[in-house]
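S.K.: Let me give you the structure first, and then I'll get to my questions.
The values are calculated or read from the model by the stated rules, or taken from the named source; none is laboratory data. Note that this is a predicted model, so its numbers are computed, not measured. Methodologically, a virtual Cβ is constructed for each residue, glycine included, from the backbone with ideal geometry; neighbour enumeration extends over all protein chains shown. Ligands, DNA and RNA are stripped out before the accessible areas are found, and what is left, the full protein with its side chains, is counted by its heavy atoms. Shrake-Rupley method; radii C 1.70, N 1.55, O 1.52, S 1.80 Å.
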2 protein chains.
Amino acid sequence: MHNENHLKSSDTIRDIVIGMSDGLTVPFALAAGLSGAINSSTIVVTAGIAEIVAGSIAMGLGGFLAGKTEADHYSSELQREYEEVERVPEQEKTEVMEVFADFGLSPTLQRQVADEMAKDKDKWVDFMMRYELGLEKPEANRATQSAITIGFSYIVGGIIPLSPYFFISNSQMALYYSCGITLICLFVFGYFKSKVTGQNPVNGALKVVVIGALAAAAAFLVARQITG
Amino acid sequence: MHNENHLKSSDTIRDIVIGMSDGLTVPFALAAGLSGAINSSTIVVTAGIAEIVAGSIAMGLGGFLAGKTEADHYSSELQREYEEVERVPEQEKTEVMEVFADFGLSPTLQRQVADEMAKDKDKWVDFMMRYELGLEKPEANRATQSAITIGFSYIVGGIIPLSPYFFISNSQMALYYSCGITLICLFVFGYFKSKVTGQNPVNGALKVVVIGALAAAAAFLVARQITG
């Protein structure tokens, strides 16, 4: 089989992308918004770090629980399918046949396939899980690893737009540097993200930059409105 | 076929859950963190609204682009499969056979299935898309709808923890009300979310509350550390 499946295996890269794209965007926009309203880098840094802490925990734990839920859901459905092939084997065979009816196989062939598959219960249940229910077996420890990767990527992403505010006490001035650094990083990040996911890299990079810039501009304008 | 597939159809509910769980958690934790560091509800409100604007745009547009990418990826792979069944039909038949070899069908039956499926090109390609590549045809307009639902749910979720700061100028006092209201809402939200996704509702609700409380406590402590 030629290698068409590479996208699905890169779960870690997907987690880095999830964490870092939000990490680069939201703290950046928050800092921009505050700079438009309050001229104090201390407040921007405090809010920015509070946001990074909150966001990385929420996203990381969110990723952990999503992974856990997926694993729990898989085991409970797996158990249910094993019970059903014991309890109502003919009904489950009909379900196998229905899958193949959708692909234009003749009833005779559907029946042959269902009968032959029913000889090995494990493979039969595996087929039902994947092709009737659309569930893939989740990797062990996926949830924990996913949580750490997403949370850490969010922190790394979030520190970048915030860094100028550490060194420049005038937050309006720091904002210029933050915009410059962050838009460059968003472009680079978007470029590699698109390469990995098989999109056009420059198009993909521009999309990521536009999201970041729009979010920051909107936050800036709204925050200025409130205080102004 | 009995109704085992209900989870997959509820894409809108999934989008509401994605938007609202982050919306309730991150602005809540940010407001808590700032209240621990700076005694001014105006700054908390400004930062909170800037965060909600930034977060809803980042998540909404993020959801939009993810949906778009999925749709683009589907069409490009679809075109590729149509080309391949024309260009290398025998190789594609072998791939169909390999799918069935994994489920314990005999080589004779594998060959019969592959030959019969190859008679209808649309169904053959549909099979390859779903069962070799694991790709489902994305709904039309899914991306736009997803963006709006996620973004709007984030705003609704985010307004809740922020609301006490609108009315109470002492941010430490507002924090108590914010914690009370938000933890109740997180519980209610977690309860219904778990019901919809088939988990134990009380367990699920407690998990959601713990994430929110942990994120807020961590943001509070870190922000106080910086300023203190």
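S.K.: Counting just the residues of segment A:88-118 that are over 38 Å from the mean Cα position of the chain (by Cα) and of a type in the set (D, E, K, R), which one comes out farthest from B:Ser106 (Cα to Cα)?
M.R.: Filtering first and then ranking leaves A:Glu90.
S.K.: Let me ask another. Give me the pairs: first residue in segment B:182-205 and within 12 Å of another protein chain (Cβ to nearest Cβ) and part of a helix (DSSP H, G or I), second residue surrounded by 15 or more Cβ atoms within 10 Å (Cβ to Cβ) and of a type in the set (S, T, N, Q), beta-carbon distance under 6 Å, and six or more apart or on different chains, which are they?
M.R.: Once the first residue is within 12 Å of another protein chain (Cβ to nearest Cβ) and part of a helix (DSSP H, G or I) and sits in segment B:182-205, its partners that are surrounded by 15 or more Cβ atoms within 10 Å (Cβ to Cβ) and of a type in the set (S, T, N, Q) give B:Gly204/B:Ser194.
S.K.: Find all pairs meeting these conditions: Cβ atoms under 6 angstrom apart; at least six residues apart or on different chains; first residue within segment B:22-46 and farther than 13 Å from B:Thr182 by Cα; second residue among the hydroxyl-bearing types (Ser, Thr, Tyr) and open to solvent by 10 Å² or more (accessible area, probe 1.4 Å).
M.R.: B:Ala37/B:Thr227; B:Ser41/B:Ser169; B:Thr46/A:Thr227
S.K.: Another question, then. Return the residue satisfying two criteria in turn: it lies in segment B:157-171 and is in a helix (DSSP H, G or I) and touching a helix residue (DSSP H, G or I) at 6+ places or on another chain (Cβ under 6 Å), and of such residues it is most open to solvent (accessible area, probe 1.4 Å). It would help to see each step written out before you state the result.
M.R.: Of the residues in segment B:157-171, the ones in a helix (DSSP H, G or I) are B:157-167, B:171.
Next cut, touching a helix residue (DSSP H, G or I) at 6+ places or on another chain (Cβ under 6 Å) only: B:157-158, B:160-162, B:164-165, B:171.
Details: B:Gly157: 0, B:Gly158: 0, B:Ile160: 45, B:Pro161: 0, B:Leu162: 0, B:Pro164: 8, B:Tyr165: 6, B:Ser171: 0 Å².
Selected residue: B:Ile160.
S.K.: Regarding B:Ala174, is this residue touching a residue at least 40 places away in the same chain (Cβ under 8 Å) and at the interface with chain A (Cβ under 8 Å from one of its Cβ atoms)?
M.R.: Values: touching a residue at least 40 places away in the same chain (Cβ under 8 Å): yes; at the interface with chain A (Cβ under 8 Å from one of its Cβ atoms): no.
Here the answer is no, as B:Ala174 does not meet what is asked.
S.K.: Out of segment A:104-156, which residues are more than 9 Å from every other protein chain (Cβ to nearest Cβ), open to solvent by 40 Å² or more (accessible area, probe 1.4 Å) and not in a helix (DSSP H, G or I)?
M.R.: Result: A:Lys137, A:Glu139, A:Ala140, A:Asn141.
S.K.: Just to be sure I understand, how many residues within segment A:192-206 are surrounded by 20 or more Cβ atoms within 10 Å (Cβ to Cβ) and either touching a Phe, Trp or Tyr at 6+ places or on another chain (Cβ under 9 Å) or under 21 Å from A:Ser178 (Cα atoms) (or both)? Working first, answer last.
M.R.: Restricting attention to segment A:192-206, the residues satisfying the condition of being surrounded by 20 or more Cβ atoms within 10 Å (Cβ to Cβ) are A:193-194, A:199, A:204-205.
Checking which are either touching a Phe, Trp or Tyr at 6+ places or on another chain (Cβ under 9 Å) or under 21 Å from A:Ser178 (Cα atoms) (or both) leaves us with A:204-205.
Total satisfying the criteria: 2.
S.K.: Say whether the condition of being modelled with pLDDT of 90 or more and not basic (Lys, Arg) is met by at least one residue in segment B:62-72. Steps first, answer last, please.
M.R.: We begin by selecting, within segment B:62-72, every residue modelled with pLDDT of 90 or more; these are none.
Looking for residues that are modelled with pLDDT of 90 or more and not basic (Lys, Arg), one finds none in segment B:62-72, hence no.
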